[in-house]
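Student: Let me begin by handing over the structure; questions about it come next.
The values are calculated or read from the model by the stated rules, or taken from the named source; none is laboratory data. Everything quoted here is computed from the prediction, not taken from an experiment. When we count neighbours, we look across all protein chains shown, and the Cβ atoms used for this are built from the backbone with ideal geometry, even at glycine. Calculation scope for accessible area: heavy atoms of the full protein, side chains included, ligands and nucleic acids excluded. Shrake-Rupley method; radii C 1.70, N 1.55, O 1.52, S 1.80 Å.
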Amino acid sequence: MPTKKEVINIISSIGLWDKKSIESALEEQESTGNSLKEVFQNRGMLPFGEVSPSFYFQMGVVQKELPAREIPSELLNAIPPKVAKNHRVIPWEKREDGRFILVSDDPINILASDYFRRLIGAEDVKTVEVLITFPEEINQLLEKYYAQESMEDLSQMLQEASSATIDLDLPEAEVDEGDDEALALQAPVVKICNLVFVEALRRRASDIHFEPLEKKFRVRFRIDGVLYEVVAPPKRVEKAVIARVKLMAKMDLAEKRLPQDGRIMLDIGGKPIDFRVSALPGIYGESIVLRILDKTSMLKGLEELGFLPEDLEKWTELLKYTGGLVLVTGPTGSGKTTTLYAALQTLNTMDRKLMTVEEPVEYQIPGINQTPVNSDIGLTFASVLRSFLRQSPDVILIGEIRDFETSDIALRAALTGHLVFSTLHTNDAPGAITRLIDMGAPPFLIASSVQGVMAQRLVRVLCSYCKEKIEPDENMKKILRAKEGEELNVCKPKGCNECNFTGFRGRLGIFEIFSMNDELRELALKRVGTTEIRDAARRAGMKLMVEDGYEKVKRGITTLDEVYTVTGE
């Protein structure tokens with residue numbers, strides 16, 4: 001990496017700025033504490049916006065990826081959090097030779113190395129060097145090490161809310177005691193709700209639960225499928241917080257006896273976030289659950305879902321059909337919709353027309369016609385499907401097959417040259433065939449239309465930063481069906497800052513997939529039970545979900561306990 005003096009000579013020689021302008025800007029930066037990039041932009045020496053790649057090249061700076069490592073807290077304390085965020089610079093390493101290494105995504109920070117050295121102030125720090133990395137790396141580090149301030153703000157806010165200095169009930173002269181809207185609009189309540197939303201996103205939560213209990217008001221986040229309790233607001237703010245959420249979701253504040261559904265759309269940190277809100281009356285008050293839909297992170301590609309190569313090949317083969325019904329099964333929250341959306345993105349090309357009918361439309365995909373179900377006006381899955389067939393689609397997604405009418409139209413559409421995707425609530429893949437028969441679908445239609453079925457569950461993934469490799473004993477090797485001499489990478493969870501000390505970070509699918517063959521079609525025509533269909537699918541090469549889980553345990557992706565928990569083995 002070039003030194004500060006070398007950089008000044010480089011940019012002077014190529015005519016970007018002269019030395020006098022650089023020195024004057026450095027003096028302003030020293031006196032104001034503003035970032036050097038901001039000083040240059042305000043002086044007209046640098047355009048506003050992102051730094052162009054050509055600028056890196058002119059300065060002789062090479063961006064480097066950072067290795068995964070934990071930054072000690074004493075190192076982080078060398079730079080105040082506000083300075084780190086404002087300058088986008090983070091302490092990285094303190095070397096024995098007296099060099100202090102910072103990382104940044106802004107090459108201009110190299111010029112401010114003297115400022116950072118004085119800021120650190122340690123006598124044993126002789127020089128400060130700035131390594132330049134990618135913006136994504138700095139964003140992750142800022143979120144990981146400095147976002148905890150939001151939770152500290154939340155804790156402080158809750159303490160203030162529970163103190164006598166803040167009156168969450170407006171004076172009687174201004175508003176009636178039961179004026180929920182006035183309570184919901186108070187600044188402390190607004191800030192509490194906003195901080196809870198931000199903290200939930202920082203922790204990668206999929207749900208926020210506001211739960212009134214007899215003597216406390218509990219807030220919990222669902223992270224990787226598991227509920228964790230967070231800082232509890234005082235009981236006295238319960239009414240105001242619930243009113244605030246209902247107001248944001250455009251619900252009826254006066255209605256506290258019936259369940260209500262709503263939606264909140266926010267822009268948090270530059271990302272569009274949807275919250276699907278449900279209010280349910282209880283004996284101690286209304287319970288509110290918010291389902292978080294992050295449009296920027298939830299639309300995944302097939303390679304991100306957790307398929308092992310052989311399963312990915314099977315699923316990709318099913319996507320190549322031009323007609324037929326492809327089913328994904330599993331309980332609520334098993335990732336069926338995410339899998340189908342990933343499939344739609346693969347099929348979403350200019351030469352195909354894709355249409356979906358869902359309840360509700362969770363993620364909006366450009367180029368696809370998506371229709372939400374509205375039973376109140378008679379817009380059901382079946383009625384929308386009938387209209388779809390007159391729109392000449394190539395690919396149809398049905399959010400869920402729930403009854404005979406929907407299954408009958410879906411099967412007939414699949415039989416007449418449409419590729420149809422849908423979901424069913426069954427425990428395994430073979431059970432989808434018997435479920436369709438139980439709904440009343442004719443066996444000949446099932447045998448002719450169904451091309452394949454996949455069942456899935458979600459398992460928590462071991463944190464890549466802290467997982468520890470273990471040597472499995474003979475019993476575990478037998479359970480995992482390890483072959484003689486097979487290399488195993490079995491790991492156990494430990495816990496670190498990266499995974500909120502749970503040992504797990506994120507979730508992936510475990511799958512079982514089969515494609516229909518002549519034997520399976522014959523069995524469907526004979527209305528046989530699930531056991532016979534499963535045996536035939538096994539003979540055709542289907543791997544059970546628990547076996548797919550074993551493979552992921554052997555590769556250090558998840559744990560045996562996690563596989564057993566989600567499969568019920």
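Student: Please go through the stretch 308-334 and give me each residue that is closer than 19 Å to Gly225 by Cβ and surrounded by fewer than 21 Cβ atoms within 10 Å (Cβ to Cβ), ordered by number.
Tutor: Pro331, Thr332, Gly333 - these are the residues of the stretch 308-334 that are closer than 19 Å to Gly225 by Cβ and surrounded by fewer than 21 Cβ atoms within 10 Å (Cβ to Cβ).
Student: Looking only at the stretch 86-98, which residues are assigned to a helix (DSSP H, G or I) and either open to solvent by less than 20 Å² (accessible area, probe 1.4 Å) or at pLDDT 80 or above (or both)?
Tutor: His87
Student: Being open to solvent by 20 Å² or more (accessible area, probe 1.4 Å), modelled with pLDDT of 65 or more, of a type in the set (A, V, I, L, M) and touching a helix residue (DSSP H, G or I) at 6+ places or on another chain (Cβ under 8 Å) is the filter here, so list the residues in the stretch 164-217 that pass it.
Tutor: Leu185, Val190, Leu195, Val198
Student: Let me ask something additional. Consider the stretch 375-409. How many of its residues are open to solvent by 60 Å² or more (accessible area, probe 1.4 Å), closer than 24 Å to Gly333 by Cβ and polar (S, T, N, Q)?
Tutor: Of the residues in the stretch 375-409, 1 are open to solvent by 60 Å² or more (accessible area, probe 1.4 Å), closer than 24 Å to Gly333 by Cβ and polar (S, T, N, Q).
Student: Taking into account only those residues within the stretch 506-562 that are basic (Lys, Arg) and in contact with a helix residue (DSSP H, G or I) (Cβ under 8 Å, 6 or more places away or on another chain), which is farthest from Thr337 (Cα to Cα)?
Tutor: Lys526
Student: Against the conditions (1) part of a helix (DSSP H, G or I); (2) open to solvent by 40 Å² or more (accessible area, probe 1.4 Å); (3) of a type in the set (D, E, K, R), where does Glu569 fall short? Just the number, please.
Tutor: Of everything listed in (1) part of a helix (DSSP H, G or I); (2) open to solvent by 40 Å² or more (accessible area, probe 1.4 Å); (3) of a type in the set (D, E, K, R), Glu569 misses just condition (1).
Student: For Ser392, are the conditions met, namely being among the small types (Gly, Ala, Ser) and free of Cβ contacts under 8 Å to residues at least 60 places away in the same chain?
Tutor: yes
Student: Residues in the stretch 520-531 that are touching a Ser or Thr at 6+ places or on another chain (Cβ under 7 Å) and either surrounded by 20 or more Cβ atoms within 10 Å (Cβ to Cβ) or basic (Lys, Arg) (or both): how many?
Tutor: 0
Student: Scanning the stretch 218-236 for residues that are open to solvent by 30 Å² or more (accessible area, probe 1.4 Å), part of a strand (DSSP E or B) and without any contact (Cβ under 8 Å) to a residue 40 or more places away in the chain, which turns out nearest to Gly506 (Cα to Cα)?
Tutor: Arg222
Student: Among the residues of the stretch 415-447, count how many are out of contact with any strand residue (DSSP E or B) (no Cβ under 9 Å at 6 or more places or on another chain), in a helix (DSSP H, G or I) and open to solvent by 20 Å² or more (accessible area, probe 1.4 Å).
Tutor: So the answer is 4.
Student: Ok, one more. So which residues in the stretch 286-305 are over 17 Å from Pro360 (Cα atoms) and modelled with pLDDT of 90 or more?
Tutor: Glu286, Ser287, Ile288 - these are the residues of the stretch 286-305 that are over 17 Å from Pro360 (Cα atoms) and modelled with pLDDT of 90 or more.
Student: From the list Glu562, Glu484, Glu512, which one is acidic (Asp, Glu) and part of a strand (DSSP E or B)?
Tutor: Glu512
Student: Counting just the residues of the stretch 488-519 that are free of Cβ contacts under 8 Å to residues at least 40 places away in the same chain and over 30 Å from Arg203 (Cα atoms), which one comes out most open to solvent (accessible area, probe 1.4 Å)?
Tutor: The residue in question is Asp518.
Student: Go through the stretch 351-373 and give me each residue that's in contact with a Gly (Cβ under 8 Å, 6 or more places away or on another chain) and either under 29 Å from Asp224 (Cβ atoms) or open to solvent by 10 Å² or more (accessible area, probe 1.4 Å) (or both).
Tutor: Listed by number, the residues that qualify are Thr356, Glu358, Glu359, Val373.
Student: Follow-up. Sort out for me the strands (runs of 3 or more DSSP E) sitting completely within the stretch 307-414 that have 3 or more residues that are over 25 Å from the mean Cα position of the chain (by Cα).
Tutor: Ranges flagged: 324-329.
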